[in-house]
Amino acid sequence: MPEDIYRHIGRRVREERAKRGWTQEQLAERIDAHVSFVGQLERGIKKPSLATIKKIAEAFGIKAGDILDEASPSKKPRSGERRFADLLHGYSHSQQDSLIRIFRQLARQLKKFPKK
C-alpha cells in the first residue's frame, strides 16, 4: 500500500472515533491495543494489519471497507440499514436485541396502515 493510504486510514479512524466521542484510550481498550498504537495509527505512522482494521471496524460497528474507502462517509448517502446500525451503536448486545424486537413489532404494526 502506498504511504498515503496509512494517513488516510488514520484520518478515517480519528473521524469515526471523534464521531462517537471516544478518547484514544477508549478505542484502544475496545480493540485490545495500547493507546500509543492508536495515536500512531491516527497519525499514519503505524501500518495496521487487515486483522487490526477489521477489529477497529467492528468496534465502530462499520465495515472494514468503510475505513479504507476514500470517499468520506459523511458525503456518501446513508442507507436505512446504516442509520439503524448507528442508532444501535453504544448499547450492549442484550439492549440491541431488545431494540430490534421493538423495531420489528413497530414495523409489523406499520404494515397494517395504508401507505400515503
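With the chain treated as a Gaussian network of Cα nodes joined by springs under 10 Å, which of Arg17, Arg104, Arg82 yields the largest mean-square fluctuation?
Arg104
Compute the relative contact order of the chain as a whole-number percentage, counting only Cα pairs closer than 8 Å that sit 6 or more residues apart in sequence.
22 percent
With r defined as the distance between the Cβ atoms of Phe103 and Arg82 and R0 fixed at 22 Å, what FRET efficiency is calculated, to the nearest 0.05?
For Phe103 and Arg82, the calculated efficiency is 0.90.
Relative to the compact globular guide of 2.2 N^0.38 Å, what is the alpha carbon radius of gyration of the chain, as a ratio? The partial results should precede the final answer.
Details: Rg = 17.1 Å, N = 116, 2.2 N^0.38 = 13.4 Å.
Scaled against compact globular proteins, the figure is 1.28.
How large is the charge dipole for the chain, taken about the Cα centre, if only the Cβ atoms of Lys, Arg (+1) and Asp, Glu (-1) carry charge, to the nearest 20 debye?
Around 860 debye, computed over the chain.
A short reminder: the numbers here are calculations on the coordinates, not readings from a lab. Being a predicted model, the structure only gives us computed values, none of them experimental. Cβ: placed from backbone, ideal geometry, glycine included. Neighbour counts: every protein chain shown.
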